[in-house]
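The values are calculated or read from the model by the stated rules, or taken from the named source; none is laboratory data. From a predicted model like this one, the values you see are computed outputs, not experimental measurements. Cβ coordinates were reconstructed from backbone atoms using ideal geometry, including for glycine residues, and neighbour counts include every protein chain displayed. Side chains included, ligands, DNA and RNA excluded: accessible areas come from the protein's heavy atoms. Shrake-Rupley method; radii C 1.70, N 1.55, O 1.52, S 1.80 Å.
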Amino acid sequence: MAAAFMIAVTGGSGSGKTTLARALHACLGADRCQLVTEDNYYFGRAHYGQAALAMSHAELERTFDFDDPANKDMAHLRRDIEALKRGEIVEQPVYDFPTHDRKPGEVKIVESRPVVIVEGIHVLSDLSFIDLFDLTVFVDAPADLRLIRRIRRDEAERGRTAESVIGQYLSFVRPAQTRFIDPARRHCDIVIA
């Protein structure tokens, strides 16, 4: 297989990047396009030791800054992006948000396609990742809208309360947006606002 055309879709939490990536994937079709979600590269609880294994979900959300790329296995993500670009198959970890842990022993087999879309908040937090992609897209949205979308998603899909989402947003998400996510905006090929 020839080298895949690699697309990065990034932006803040709740900006619409996943919606855009899924729409592109649907337009191109699963036979021609592969979608990779960066969220699966969060480290599992065991990475943080016994204390994290014993914490409740609420304690983890108050303690760990999941919006800092240090809490994802970015080296593994880079290796998988490089392999997919070469047309290879990778074994992607599977992360479960309700438990804040990787599913033990479970991997997702991801085959390269002519087009590979990698979406997530940290895909371009390390600007050296830009060179891995043929097209980079930053999805921007006002902070209020992103927060509302995040509350709705986390309540519906992750079993969270609005209060816990807002607390995490104020403590971690908003500062991380400025520190890790926004700098990529000016380096992207396309900015969608």
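Taking Kirkwood radius over Cα pairs in Å as the quantity of interest, determine which of (i) 17.6; (ii) 18.8; (iii) 17.1 was computed from the displayed structure. Checking each listed value against the structure points to (iii). Dividing the mean sequence gap of close Cα pairs (under 8 Å, 6+ apart) by how many residues the chain holds gives a relative contact order of 37 percent. Note on residue 96 and residue 134: their simple-model spin labels are 3.7 nm apart, each label 7 Å out from Cα toward Cβ. Take the Cβ atoms of residue 166 and residue 191, set R0 to 22 Å, and the FRET efficiency comes out at 0.20. GNM remark for the chain: springs join alpha carbons under 10 Å apart, and the peak mean-square fluctuation among 77, 20, 170 falls on 170. The distance from the alpha carbon centre of region 3-56 to that of region 171-188 is 17 Å, rounded to a whole number. Scaling against 2.2 N^0.38 Å puts the C-alpha radius of gyration of region 43-105 at 1.28. One decimal place: the segment residue 144-residue 5 gains 46.7 nm when fully extended, by the rule 0.36 nm per residue minus the C-alpha distance. Note on region 48-158: with neighbouring protein chains present and a 1.4 Å probe, carbon and sulfur make up 52 percent of its accessible heavy-atom surface.
If a/c stays under 1.5 just call it rounded; otherwise compare a/b with b/c (prolate if a/b is bigger, oblate if not). Do that for region 122-193, with a ≥ b ≥ c from the square roots of the Cα gyration tensor eigenvalues.
On the way: a/c = 2.33, a/b = 2.12, b/c = 1.10.
Since a/c reaches 1.5 and a/b is larger than b/c, the shape of region 122-193 is classed as prolate.
Only helices enter this figure: runs of n ≥ 4 DSSP H residues, each worth -39500 (n - 2.57), summed and divided by the residues of the chain, yield -9000 deg cm²/dmol at 222 nm to the nearest 500.
Highest first, please rank the peptides 111-124, 34-47 by the mean number of other Cβ atoms sitting within 10 Å of their residues. If you can, show how the numbers build up before the last one.
Values: 111-124: 23.0, 34-47: 19.1.
Put in order of decreasing packing, that is 111-124, 34-47.
Toward the positive end of the charge dipole of region 105-152, with +1 on the Cβ of Lys and Arg and -1 on the Cβ of Asp and Glu, the farthest Cα among 115, 135, 105 is that of 105. Where both partners of a DSSP beta bridge lie in the chain, what percent of those bridges are antiparallel, to the nearest 5? Roughly 30 percent of the beta bridges in the chain run antiparallel, per DSSP. Taking 16 Å as the cut-off, the amide N atoms of region 1-41 that come nearer than this to a point 7 Å along the Cα-to-beta-carbon line of residue 157 belong to 9-26, 35-41.
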